[in-house]
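Here the structure comes first, spelled out in structure tokens, and everything after it is commentary.
Only the coordinates and a few stated rules stand behind these numbers; no lab work does. What you see is a predicted model, and the numbers here were worked out from it, not measured in a lab. Cβ atoms come from the backbone with ideal geometry, glycine included; neighbour counts cover every protein chain shown.
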Amino acid sequence: MSVIVLLIAAGGLVAGGFLAAFVWAVRSGQFDDTTTPALRILFDDRRPTTTRSEGPRHAQPRS
Amino acid sequence: MEATLDAPIVLTTCRHCGDPCAGGGVRSSHGRFCCDGCATVFALLADRGLDDYYACDVAPGVSQRTAGPREADRFAALDDPAVAERVLGGAPPDGTGAGALACAVFDVPSLHCASCVWLLERLWQVDDGIVRAEADLLRRTVQVWFRRDHLSLRAVAERLASIGYEPEIAGETRQGAATPARRRLYVQLGLAGFAAGNMMIFSIPRYANGAPLEPAFQALFDALNLVLATPVLIVSAGDWLRGAWRALAAGRLTLDVPVALGLLALYARSVAEIATGAGPGFLDAFAGLVFFLLIGRLFQQKAFDRIAFDRTWRSFLPLTVRVAAGDGVWQATPLDDVRPGDRVLLRPQEVVPADARLLDATGTIDYAFVTGETSPVIVGDGELVRAGGRVVGRALRLVIVAEIHHTELARLWRHPAFTRATQPWLTDVAGRFGAWFTAATLLLAVAGAAAWWPDAAMAAQVASAVLIIACPCALTLAAPVTLGTAMGILGRAGLYVKQPAVVLDLSRVDTIVFDKTGTLTGGARRAEPVDLTPYEWRLARRLAAESAHPISRAIAGDTVVDGTVAETIETPGAGIRGTVDHRTVAIGTPAFVAALTGRPVPAVTGTAVAIDGRLRGWARLAAPARRGIESALVRLSGTTTVWLLSGDDGADADDWAPFFGGRVRFRQSPDDKLAFVEARRRAGARVLMIGDGLNDAGALAAADAGLAVSDDTACLVPACDAVIGGDAVPRLPALLAIARRARQVIVLCFAVSVVYNVLGLGLALTGRLTPLATAVLMPVSSLTVIGLAAGAMRWIGRKAVAA
């Protein structure tokens, strides 16, 4: 009996963690656009042929 | 057409946009382009090492030719903080120095493929001030993060435009974003799914055991189920409870009421059973039910996502107007600050923002959108120019005479017909059905309780079981899933429906009223010779090729004409003359040609052509019929009554009359069209109006279903139920067939769910509705309906596309 209670508690904790992660993902906008990212992954990264001046090119600001 | 017989046809496609290069196009070191605009964009991208953009099968670019000449200062309005506010969003807290980033969201209607996404997300390679850009293909927006100290918002918009993606700046403040609603649905769905899955696991031991479990276990599982079910009731099912409450407060019965009643009965009885220790309740079935109901919502949401309708008459007007500021300076001024009495300068392709009077000797205005008239109108000094007209040919100076908000355009937009007073058919039916259903359910519950009466416990159990099983969940699922899927299918075929209920309106149509210009006809206007020999027509076309005026361009056509031209003199707004192959040729307004020939020229609509000092004939502007429209009309007239109402003078009435069995009317004003549609409806017909432009707007709104035709995503869409792409108009018979099929699928789903309900009611009234039966019956009925609705609609869609 007590083993099962322990297992249910552990299982609930893990599942609850996933639920929380899902809610966080939705709130942070990861489900806002489900079309474009599927295309984005197909693009090859090619270095630009012209060299560009300084400046953080891949800066990732948070909104 | 005879004109092409003696002209060599040169056909190459543009490297940027893939359009045919009319007249050989523009040659540059990079290849051949249809216009300078496309060549410029290509050169810019090649220079930045972004020519991978062109790596896909079809030239991805947006043609810069049809866009017409654009003004360098057209984004000046973005320097105004109030206008900038509409675009800026999600900006990080204001900082100073190099770290000051701003974030702007632009609508880019021309965003259409993977290459567009690739290029737009490499904006940082185009300009150092841009840090990052993110495109959204579905909603056609680009979010740009840029450094405020390097770039102004206006410069960002200009950068976008420079690579061929003209951003569209909303004329008014953006309405509340749809994002929170979509996110909320996902959270609701996730929570319900999570709870339903876990509760099923907690309930299985008892079902499998076939007998009550050890009390300690049962108490644990019951407690866990309660903990999981309560947030489902509050968060996931909240929309139905609130919807039902609002309906009851307003004294109406919608379909939300029986759903909310069923859900509450399910929850309340389960809590009561657990509290009294009578049993485990039905909480697992409850969570599963809410989960399936939310899936129905998801179908609807997905269909809505593809379509954004938030245009008003303001989106048709320019953002800024150049107003005379004295000293010959034209100051770009936000539209709201333009007052009567202001003198304004409008360049070609710009729209007259308010009723105004012309200050120049003569000018050409195209009212095609407002009145449906194909030929541009020539106005003289001091004449009134109405708002909504488009300047053609060359820039005009005007003095504004009316307030922006008091123009004919705004008045038409505010016409009572636009505010749809008629309730959509589905809401109506659902409302009546909801009332009937609620009454029947309550009656049955009372009757069931009475039948069991002396046994109070049993009576309460039967009454609640009836409420639970009669919950019209499958019924509520049938319409949104079917119509949501149908909306997606229709959208892919080029018909964008605003509301799911419109699909049902389309399925019931028996009379179709067509507009002509822009609906049956489409594409670039073409000129046709009248009374001219092929040789004379060739001379006229050769001369016209020397002019940039739109009428001249239409006469010159898409193909190259040989011949030597000399001594051309163009009188703006009147005509052009010159020597072609040593013959004197003049084309222009009747007055222009009359002055040259010294003989009066009859004033008919058209462009006069004179050769060697004598009037030889005319060039008449015509819009070509859409490809395949004739067979579509033949198919439609088999099942429905078709009418043609056109705003123009009926010069080509004979071409169209046969397809309509003579049911054609010309010279119809917007009010005539509106009155006609209303009269048909009063006579009992269910009318589908299909038209473009503001002249059809009243009729579109008055019809049972109004389809606005749009060849250009950026075009304004007046009050209508759906927007149909120009190319999709000939597919109308197939599209209407899909709508009719959708209605049959809904009826089928209703039948299936009624079978389940009758089965369940039988169990409920005899007091045999066990938790296990509920846990099986309710999800199975929901799943059947979802599967049937979505599956049948997809199958119909595939068949329709294949046909």
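Set the Förster distance to 25 Å, then compute FRET efficiency between A:Ile4 and B:Ala211 from the Cβ-Cβ distance, nearest 0.05. With R0 = 25 Å, the Cβ-Cβ based efficiency is 0.85. Magnitude of the charge dipole for segment B:76-162, about its Cα centre and with charges confined to Cβ atoms of Lys, Arg (+1) and Asp, Glu (-1), is about 180 debye.
Rg/Rh for segment B:612-697 stands at 1.07; both radii use Cα atoms, and Rh follows the Kirkwood definition.
Computed over segment B:76-162, the range of Cα coordinates on each principal axis works out to 37, 26, 22 Å, biggest value leading. Across peptide B:641-647, the mean count of Cβ atoms from other chains lying within 10 Å of each residue's own Cβ comes to 0.
Applying 0.36 nm per residue to the separation of B:Arg794 and B:Ala457 and subtracting their alpha-carbon distance, the gain on full extension is 116.6 nm. The mean count of C-beta atoms from other chains within 10 Å of the C-beta of residues in B:124-136, rounded to a whole number, is 3.
The alpha-carbon atoms of segment B:526-622, seen along their principal axes, cover 32, 29, 26 angstrom, with the largest extent given first. Taking amide hydrogens as placed 1.01 Å from N in the peptide plane, the amide H of B:Gly647 sits under 5 Å from those of B:Lys516, B:Thr517, B:Gln668, each at least 5 positions away in sequence or on another chain. The label point for B:Tyr535 and the one for A:Ala25, both projected 7 Å from the Cα toward the Cβ, are 7.7 nm apart. Peptides B:509-518, B:528-537, B:462-471 ranked from most to least packed by the mean count of surrounding Cβ atoms within 10 Å: B:462-471, B:509-518, B:528-537. Pop the C-beta distance of B:Leu384 and B:Ser669 into the FRET formula with R0 = 22 Å and round what comes out to the nearest 0.05. Efficiency at R0 = 22 Å is approximately 0.80. Normalised radius of gyration (Cα atoms, divided by 2.2 N^0.38 Å) for segment B:613-652: 1.78.
Take the Cα of B:Val758, step 7 Å toward its Cβ, do the same at B:His150, and the gap between the two points is 7.1 nm.
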